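Read through the structure below, which is laid out as structure tokens, and then see the notes.
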Amino acid sequence: MANKISGVVLDAAGHPVAQARVYVVKAPGPAPDVAVLTGPDGRFALGAARSGTYEIACSTDHAGTASATVVVGAHDAVVELRLS
Amino acid sequence: MATTSKKAARPNPHTAVSNQPHETESTIKKAVTVPPSEGTNPKTVKPGPGGAEAVPGFKLPKEAASLEEVYKAPETTSLRDIAEASFGPPPPEEETVHGFDDRVKITTTTVYPWRAHASLLITAADNSQWIGTGWFIGPHTLATAGHVVFIKGSGVPGRDGWVKRIQVMAGRNGASLPFGSVTSTNFRSVTGWTTSSGGDENYDYGAIILPTQLGNTTGWFGLAVYSDAEIRGAVGNISGYPGDKPSGTQWYDARKIDSVNSRKVFYDIDTAGGQSGSAVYRIVNGNRYAFAVHAYGGASTNSGTRIVTPVFNNFVAWKA
């Protein structure tokens with residue numbers, strides 16, 4: 001099965017944020033230009049078809065933005081995005 | 001011993017076969033088009049100069065010579081990415097906004113052509129939700145990327161395959177839905193996308209069929225099959241609903257097309273996640289003709305699925 005980047009979006013106080021828009025900013029190859037919305041628990045998962053370094057970001061209308069760089073290798077990458 | 005051959009079963013009655021020979025420049029002698037419609041009471045925006053739309057605050061960027069300045073970056077070539085320690089040298093990074101972000105917000109989304117674009121809220125098979133963009137090609141049909149209607153290679157059990165439903169919000173402007181919201185569960189793509197391993201980006205296109213005739217009100221884009229030379233010399237226009245901007249707001253950019261191959265078009269038009277499925281279109285004699293479907297972020301360019309003859313024929317069939 002293909003690898004993925006999964007994680008959670010948290011607000012400044014550490015609470016999960018639902019409906020945040022999470023998307024790939026940089027990828028080691030062409031990346032589908034979609035954005036996933038976080039679930040009620042703030043969690044998300046994005047496909048990562050290629051091994052390498054990804055920059056992902058998230059945006060919200062009222063809780064701020066965040067970004068992170070993750071490395072996808074033989075296994076899935078897990079990331080916490082803390083909004084500010 | 002006599003042998004028999006079996007025809008491969010069609011994977012889904014909704015899928016169209018798209019295994020035509022690759023289009024080449026020599027096969028396109030003259031552009032093939034179907035015309036746009038501006039819908040009812042369109043108040044159509046008069047195009048701007050140079051093949052771009054006239055949008056307050058937008059100026060078509062100067063080309064090649066000035067881009068060297070635009071993309072001038074600090075000298076970091078001697079620095080290595082820490083990822084190399086584990087995975088070796090990486091391929092070039094790919095990103096969706098290059099240099100300055102030229103996108104401008106569209107506020108007049110109730111007029112043509114902006115209202116022919118739709119914000120999409122996609123619910124996948126595993127109930128995860130996504131945002132994307134679609135555009136009308138007929139009274140009840142929107143074109144979009146294949147990966148908007150059929151997810152491949154997600155890595156999440158239960159997610160891959162046809163999405164459950166898509167909420168279509170034409171001409172959306174933030175919380176304002178000037179044409180309401182229509183939900184579709186009826187989608188089209190092609191086997192080149194749906195049955196390929198991981199999804200073949202050369203066939204990444206699809207369509208959303210609405211249960212209403214909303215396109216008669218919003219209008220739709222024309223479709224065109226252009227030669228390589230016509231595409232290389234064109235200004236590409238993209239408007240859509242990116243996730244890095246306030247929810248449901250429409251953003252526009254335009255720039256000269258970088259390059260083209262037999263199945264894809266490459267450009268430096270800025271986009272972000274959520275704009276998958278947008279039209280890449282030209283303005284010809286005041287009319288808008290789509291010639292690609294935006295789908296991917298790229299290293300120095302983004303890219304879309306080129307509308308070659310088999311793609312054109314499928315879109316025409318799906319809009320009937």
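No lab work stands behind these numbers, since they all come straight from the coordinates. What you are looking at is a predicted structure, and each value in this text was computed from that prediction instead of being measured. Cβ: placed from backbone, ideal geometry, glycine included. Neighbour counts: every protein chain shown.
Peptide B:125-136: average number of partner chain Cβ atoms within 10 Å per residue?
3
Write out the trypsin sites (Lys or Arg not before Pro) in region A:1-49 meeting two conditions: DSSP loop, and at most 16 other Cβ atoms within 10 Å of their Cβ. Don't skip to the answer; put the middle values down first.
Details: sites: A:K4, A:R21, A:K26, A:R43; in loops: none.
In loop regions of region A:1-49 (DSSP not H, G, I, E or B), there are no sparsely surrounded trypsin sites (Lys or Arg not before Pro).
Given a cut-off of 22 Å, name the pairs among B:K62/B:K245; B:K59/B:K105; B:K46/B:K245; A:K4/B:K256 whose C-alpha atoms lie farther apart than that in the structure shown. Numbers along the way, then the final one.
Working: B:K62/B:K245 25 Å; B:K59/B:K105 13 Å; B:K46/B:K245 26 Å; A:K4/B:K256 34 Å.
Violating the 22 Å Cα-Cα cut-off are B:K62/B:K245; B:K46/B:K245; A:K4/B:K256.
Taking only the C-alpha atoms, wrap a convex hull around region B:157-284 and report its volume per residue in Å³ as a whole number.
Each residue corresponds to 141 Å³ of Cα convex hull volume.
Using Cβ counts within 10 Å as a stand-in for footprinting exposure, how do B:W114, B:W220 rank, fewest first?
Result, fewest neighbours first: B:W114, B:W220.
For region A:3-82, place one equal point scatterer on every Cα, skip the solvent, and apply the Debye formula. What is log10 of I(q)/I(0) at q = 0.20 Å⁻¹?
For region A:3-82 at q = 0.20 Å⁻¹, log10 I(q)/I(0) is -0.79.
Modelled label-to-label distance, A:T69 and A:S84, 7 Å Cα→beta-carbon offset: nm?
So the two model labels end up 1.6 nm from each other.
Between B:A320 and B:A175, 0.36 nm times their residue separation minus their Cα-Cα distance comes to what?
49.0 nm
If I model a spin label as a point 7 Å beyond the Cα along the Cα-Cβ vector, how far apart are those points for B:R165 and B:A31 in nm?
3.9 nm
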